[in-house]
Amino acid sequence: MPQTLTIATWNVNSVRSRLPNLLAWLGANPVDILLLQELKCIKEQFPRMELEDLGYNLAIHGQKTFNGVAICSKYPLDDIICELPGDESDSAARYIEAVVSLKGAALRVASVYVPNGQEVGSDKFAYKLSFLERLSALWAQHLRHHEIAVLGGDFNVAPYPVDVYDPEKLDGSVCYHPEERQRLRALLHLGMVDAFRQLHPQMQKFSWWDYRGGSYPRGHGMRIDHLLLSPEAADCLVRASIDENPRGEEKPSDHAPVIATLKF
DNA sequence: ATGGTTGAACCTCAA
């Protein structure tokens, strides 16, 4: 079993379009496990060789044009699951889960891309709420096994007022509506720990800024990407951060990577 | 600010 393990989540907004940014970031941040969202390509189009050359094992759930999630791990991946139970009609590639085999131990990890919801009150917003409920139902089951487990990804929900640039103006809008925040809190009430907030109770840091309206230079962001830890994983948490540097570089994703380090 | 930008694929949608 390794002494420490670093895990990151990043919505890259097209893995093929973002490959130079991704490889540059991994060069400077050689994390053990990377959870990706919004691949926007099928499995066959994923830049497999480039990531394998960096020592990553891959579990990919791709989809043409939209969605797509992956787990990249320097340790072997087993028991890969691509479906989020609870809605047989939902074929969007928004969830992947695997067991990472550490030497003498195991870690369950999942990469999730929660639907954006588009507009409060729309069908897509209802789908978002039900997706969050399905996520809670599955992880309520997982937590019964008392494993070291990490659920990371783009949740498209900012949990607290400090997590948005203007909580009064944004209250009730998509990604910061009370109904969504309640469903994200339901995951926390199961016992899952928000890694960043656990170690930085007051700090305002964002993980997403809209491409439109100069949001990044204006500081108009939200913290909607999260690493949620099982209690057993939270007991090992020693470091958590959001690296907003990639958001300021050429042809960026609209999201920044979120990182946590576990020490065993 | 009922705008604005980006990616993929198509002449528009999802975010």
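The values are calculated or read from the model by the stated rules, or taken from the named source; none is laboratory data. Treat the numbers as computed from the prediction; the structure is a model and nothing was measured. Neighbour counts are summed over all protein chains in view; Cβ atoms, including those assigned to glycine, are modelled from backbone coordinates with ideal geometry.
Assorted remarks:
- Checking the stated criteria, A:LEU19 turns out to be under 26 Å from A:GLU244 (Cβ atoms) and among the aliphatic types (A, V, I, L, M).
- Just one of the numbered conditions (1) crowded, with 19+ Cβ neighbours inside 10 Å; (2) in contact with a strand residue (DSSP E or B) (Cβ under 7 Å, 6 or more places away or on another chain); (3) under 19 Å from A:PHE125 (Cα atoms) is not true of A:LEU170: (1).
- Only one entry in A:ASP154, A:ASP163 is in contact with a His (Cβ under 7 Å, 6 or more places away or on another chain) and touching a residue at least 40 places away in the same chain (Cβ under 8 Å), namely A:ASP154.
- Check on A:GLY248, modelled with pLDDT under 95 and exposed (fewer than 14 other Cβ atoms within 10 Å of the Cβ): no
- From the options A:ASP154, A:ASP163, A:ASP123, residue that is out of contact with any Leu (no Cβ under 7 Å at 6 or more places or on another chain), away from DNA strand B (no atom under 12 Å from the Cβ) and not small (Gly, Ala, Ser): A:ASP163
- With respect to being within 24 Å of A:ASN156 (Cβ to Cβ), out of contact with any Ser or Thr (no Cβ under 7 Å at 6 or more places or on another chain), of a type in the set (A, V, I, L, M) and modelled with pLDDT of 95 or more, A:VAL15 fits the description.
- The set of residues from the range A:9-34 being farther than 21 Å from A:ASP210 by Cα and surrounded by 23 or more Cβ atoms within 10 Å (Cβ to Cβ) comprises A:ILE33, A:LEU34.
- Which numbered condition A:TRP25 fails, given (1) within 16 Å of DNA strand B (Cβ to nearest atom); (2) free of Cβ contacts under 8 Å to residues at least 24 places away in the same chain; (3) not small (Gly, Ala, Ser): (2)
- Count of the range A:221-241 residues which are more than 12 Å from the chain's Cα centre (by Cα) and touching a residue at least 24 places away in the same chain (Cβ under 8 Å): 13
- Residue in the range A:102-110 that is within 13 Å of DNA strand B (Cβ to nearest atom) and surrounded by fewer than 24 Cβ atoms within 10 Å (Cβ to Cβ) present: no
- Per-region count, the range A:54-78, residues within 16 Å of DNA strand B (Cβ to nearest atom), free of Cβ contacts under 8 Å to residues at least 40 places away in the same chain and either surrounded by fewer than 22 Cβ atoms within 10 Å (Cβ to Cβ) or over 16 Å from the mean Cα position of the chain (by Cα) (or both): 5
- Considering each residue of the range A:31-40 in turn, at least one proves to be more than 17 Å from A:PRO257 (Cβ to Cβ), within 14 Å of DNA strand B (Cβ to nearest atom) and in contact (Cβ under 8 Å) with a residue 24 or more places away in the chain.
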